[in-house]
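Read through the structure below, which is laid out as structure tokens, and then see the notes.
The values are calculated or read from the model by the stated rules, or taken from the named source; none is laboratory data. Remember, it's a predicted structure, so these values are computed and weren't measured experimentally. Every residue, glycine as well, gets a Cβ built from its backbone with ideal geometry; the counts of neighbours run over all protein chains shown.
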Amino acid sequence: MPEQRKTHEEILNRLNRRVRTLYQCNSVLFQAKSEQELLQSICEILVAGGELRLAWIGYCEDDAEKTVRPVAQAGYGLDYLARVKVSWGESETGQGPAGIAVRTGKACCVDDIRTDPRFSTWRVAALERAYASCVAVPLIAYGTPQGAVDLRGTLNLYSAECNAFDENTIEYYTGMAASVTYAVTALRSHLAEDLTYGVTTLRTSDERKRAQEELRRSEAYLAEAQSLSLTGSFGWNVSSGEIYWSDETYRIAGLDRGTKPTLEKVFQRIHPEDAILVQQTLDRGVRDGTDMDFEHRFLMPDGSVKYVHVVAHAVRDESGDLEFVGAVMDVTERRLAEEALRKTQAELAHVTRVMTMGELTASIAHEINQPLSGIVTNANACLRWLAGATPNLDEARDAVTRILRDGNRASDVITRIRELVRKSDTEKARLNINDALEEIAALAHAEVGRNGVTLRMQLAADLPPVLGDRVQLQQVMLNLVMNGIEAMSAVTDRPRELLIRSRQHESDKVLVAVQDSGIGIDRHNLEKIFNAFYTTKSQGMGMGLAISRSIIENHGGRLWAISNDGPGTTFQFTLLKYDSQADE
């Protein structure tokens, strides 16, 4: 599960980066005042997104070598472009991705530069700069009134990872290349003023209508790319209240294209539970004139819910009026996948808790049998004191008091067990970590004694409370304690000691440590033990520590292991302290 979670988080992070990249590129497409500024900005934005090592744009020359001439570039190893020659002809230098893309009009990808024969001419220079895979996308746009528009050039992208450009990624960059083609064509045909005017938007009332028309036309150029990425764009002039949406934004909001967008209509779609947060975010952005980045839900007419991620960039025109230009992305599938992952993790955590309690069966039986035996003994004593010729009420009263004590003790054991094995959703609340540790120590008391272990606790006084789910965190504590006990089961030449510590960590965290004097763990395996299905136990599933780390990370903390200076291992985790202001 941790590996699945890690993979899911990587996909999620990549989607978030692409949303930001697309938003920034959209802004440049609308605002660039020259072709060179446009192309250079696009390269810089793509590299800054973190997925690419090099991005460059080349135009075809009609010279004897049919050269592809770099006109814009950004990233690592720019001297690479000075060293290599790229052609769009049939010669050896034209057999690479750029040449093939120009000739075929389709994207050409090299998954592994080390082995692909098409890249042999440039392999040494590329590997010296840690390029592992690349793709060339032709600067062509289809579906315009004039038919296909071909700039006779390529967008060339290089990654440090092999197989970095799958089908979806190529589709994403193909849409972006089409948008660049539209924008360059507009600039070349003296439409730069219209494009800039469309998104910097609605500056004077007498030109507002024309600006909206041109903005619609500009958005139409981007419609294909936006549809592919489920990302719409919008413009909002705060002083006039004018709002512009792209076609994709209308689709995401579930409104007809002919509907005039207003804040009122937006809030009619926003989920009632999110309305206050969205209003506060907008108010803060308008008040401070700052960018906005937030998520909320749309409640659709059919009762379905959409999750959307909004990013907006604040700009001011020459007269000082505040405007926001931004993007809205439909992230419903991502959020549903997150929820499914969360439910799966919760199910697995519950199963693990039940299995752990199964390991404690003998100890639990002992913990309950002791007070039950006491109850029976004291009940018999009470009957004897009452059965005498002169009932001894004082002794009988003492016996009943002991019965109540033992009954409460048994009840406490059963309550702790029920809490740990119950199946419920995560409920984070203010929690005293020392109280939780003492309850786990009490639950494991008999198991500790049965294995000849000495348990010591060093709990720091006046620790700040933490925010957490008591059941889940006690599951982690119990798992670490049980692991420590088991790690010392083979120790015969020294005392078996288990130390539980708590203390303040840095300024905003609490640290819990469980230290054993067992056989220890090889330093090379200190990280592997947290992998799913990795176990050093003959009967283990290899899920306990993986689930424990997942729980701690979901609480904003960290779980790790270190080798002791002497024998044994210490497992420790941190949790963020409770912030009362965050709940207000």
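Can you tell me which residue within segment 81-98, out of those that are under 38 Å from the mean Cα position of the chain (by Cα) and surrounded by 20 or more Cβ atoms within 10 Å (Cβ to Cβ), is farthest from THR169 (Cα to Cα)?
Within segment 81-98, the match that is farthest from THR169 (Cα to Cα) is GLY96.
Out of all the residues in segment 309-364, which are small (Gly, Ala, Ser) and at pLDDT below 70? So that I can check it myself, show each step before the final result.
Within segment 309-364, the subset small (Gly, Ala, Ser) is 312, 314, 319-320, 326-327, 337, 340, 346, 349, 358, 362-363.
Of everything in segment 309-364, those that are small (Gly, Ala, Ser) and at pLDDT below 70 turn out to be ALA340, ALA346, ALA349, GLY358, ALA362, SER363.
What pairs can you find where one residue is in segment 26-46 and outside the structural domain of VAL325 (by TED's automatic domain parsing), the other is assigned to a loop (DSSP other than H, G, I, E, B), and their Cβ atoms are less than 6 Å apart, with a gap of 6+ or different chains?
LEU38/ALA32; LEU46/LEU52
For segment 165-197: of the residues being among the polar types (S, T, N, Q), more than 19 Å from ALA55 (Cα to Cα) and in a helix (DSSP H, G or I), which is modelled with the lowest pLDDT? Break it down into steps so the answer makes sense when it comes.
Pass one, segment 165-197, residues among the polar types (S, T, N, Q): 168-169, 174, 179, 181, 185, 189, 196.
So of that shortlist, the ones also more than 19 Å from ALA55 (Cα to Cα) come out as 185, 189, 196.
Applying the additional criterion that residues be in a helix (DSSP H, G or I) yields 185, 196.
Working: THR185: 81, THR196: 41.
Selected residue: THR196.
Can you pull out the residues in segment 494-522 that are more than 24 Å from THR574 (Cα to Cα) and loosely packed, with under 13 Cβ neighbours inside 10 Å?
Step one: filter segment 494-522 for residues more than 24 Å from THR574 (Cα to Cα), giving 494-496, 519.
Within segment 494-522, ARG494, PRO495 meet the criteria.
Which of the residues that make up segment 278-328 are of a type outside the set (A, V, I, L, M, F, W, C), touching a residue at least 40 places away in the same chain (Cβ under 8 Å) and more than 16 Å from THR231 (Cβ to Cβ)?
Correct list: PRO301, ASP317, GLU318, SER319, ASP321, GLU323.
Filter segment 455-491 for residues that are in a helix (DSSP H, G or I) and of a type in the set (S, T, N, Q); which is farthest from GLN504 (Cα to Cα)? Outline the logic, then answer.
Step one: of segment 455-491, the residues in a helix (DSSP H, G or I) are 470-487.
Then keep just the ones that are of a type in the set (S, T, N, Q); that gives 472, 474-475, 479, 483.
Numbers: GLN472: 21, GLN474: 19, GLN475: 21, ASN479: 22, ASN483: 24 Å.
Per the criteria, the residue is ASN483.
Within segment 51-105, how many residues are in contact with a helix residue (DSSP H, G or I) (Cβ under 6 Å, 6 or more places away or on another chain), assigned to a helix (DSSP H, G or I) and closer than 17 Å to SER133 by Cα?
So the count comes out to 1.
Listed residues THR569, THR574; which is modelled with pLDDT of 90 or more, over 18 Å from SER489 (Cβ atoms) and of a type in the set (Ser, Thr, Tyr)?
On the way: THR569 fails: over 18 Å from SER489 (Cβ atoms).
Result: THR574 is the single residue among THR569, THR574 that is modelled with pLDDT of 90 or more, over 18 Å from SER489 (Cβ atoms) and of a type in the set (Ser, Thr, Tyr).
Can you tell me how many residues in segment 107-157 are closer than 19 Å to GLU61 by Cα and not acidic (Asp, Glu)? Before the answer, list the steps.
The initial filter retains those residues of segment 107-157 that are closer than 19 Å to GLU61 by Cα, namely 136-140, 149-156.
Those still in the list that are not acidic (Asp, Glu) too: 136-140, 149, 151-156.
Residues flagged as closer than 19 Å to GLU61 by Cα and not acidic (Asp, Glu) within segment 107-157 amount to 12.
Mind checking whether some residue in segment 287-302 is of a type in the set (Lys, Arg), buried (at least 16 other Cβ atoms within 10 Å of the Cβ) and over 23 Å from the mean Cα position of the chain (by Cα)?
Taking segment 287-302 and keeping what is of a type in the set (Lys, Arg), we get 287, 297.
Add one more test, that the residue is buried (at least 16 other Cβ atoms within 10 Å of the Cβ), and what stays is 297.
Now drop any that are not over 23 Å from the mean Cα position of the chain (by Cα), which leaves none.
No: segment 287-302 contains no residue that is of a type in the set (Lys, Arg), buried (at least 16 other Cβ atoms within 10 Å of the Cβ) and over 23 Å from the mean Cα position of the chain (by Cα).
Pick from ILE440, ILE433, ILE403: which is modelled with pLDDT of 80 or more, surrounded by 18 or more Cβ atoms within 10 Å (Cβ to Cβ), not hydroxyl-bearing (Ser, Thr, Tyr) and not assigned by TED's automatic domain parsing to the domain that holds ARG549? Walk me through it before giving the result.
Values: ILE440 fails: not assigned by TED's automatic domain parsing to the domain that holds ARG549; ILE433 fails: not assigned by TED's automatic domain parsing to the domain that holds ARG549.
Matching residue, one of ILE440, ILE433, ILE403: ILE403.
For CYS108, work out the one condition from (1) within 13 Å of VAL137 (Cβ to Cβ); (2) in contact (Cβ under 8 Å) with a residue 60 or more places away in the chain it doesn't fulfil.
All conditions are met except number (2).
Name, by its number, the condition in (1) over 22 Å from LEU431 (Cβ atoms); (2) at pLDDT below 80 that does not hold for ILE547.
(1)
Output the residue which, of all residues in segment 459-493 that are under 23 Å from LEU526 (Cβ atoms) and loosely packed, with under 14 Cβ neighbours inside 10 Å, is farthest from the chain's Cα centre (by Cα).
Restricting to residues being under 23 Å from LEU526 (Cβ atoms) and loosely packed, with under 14 Cβ neighbours inside 10 Å, the top hit is ALA490.
Is it fair to say THR115 is in a helix (DSSP H, G or I) and among the β-branched types (Val, Ile, Thr)? Before the answer, list the steps.
On the way: in a helix (DSSP H, G or I): no; among the β-branched types (Val, Ile, Thr): yes.
Considered against the rule, which asks whether it is in a helix (DSSP H, G or I) and among the β-branched types (Val, Ile, Thr), THR115 comes out as no.
Could you list, in sequence order, the residues of segment 11-39 that are modelled with pLDDT under 65 and more than 18 Å from PHE294 (Cβ to Cβ)? Please lay out each step first, then the result.
Of segment 11-39, the ones modelled with pLDDT under 65 are 11-16.
Once the filter is applied, which keeps residues that are modelled with pLDDT under 65 and more than 18 Å from PHE294 (Cβ to Cβ), segment 11-39 yields ILE11, ARG14.
For segment 26-60, name all the residues that are surrounded by 18 or more Cβ atoms within 10 Å (Cβ to Cβ), within 30 Å of the chain's Cα centre (by Cα) and aliphatic (A, V, I, L, M).
VAL28, LEU29, ILE42, ILE45, LEU46, VAL47, LEU52, LEU54, ALA55 - these are the residues of segment 26-60 that are surrounded by 18 or more Cβ atoms within 10 Å (Cβ to Cβ), within 30 Å of the chain's Cα centre (by Cα) and aliphatic (A, V, I, L, M).
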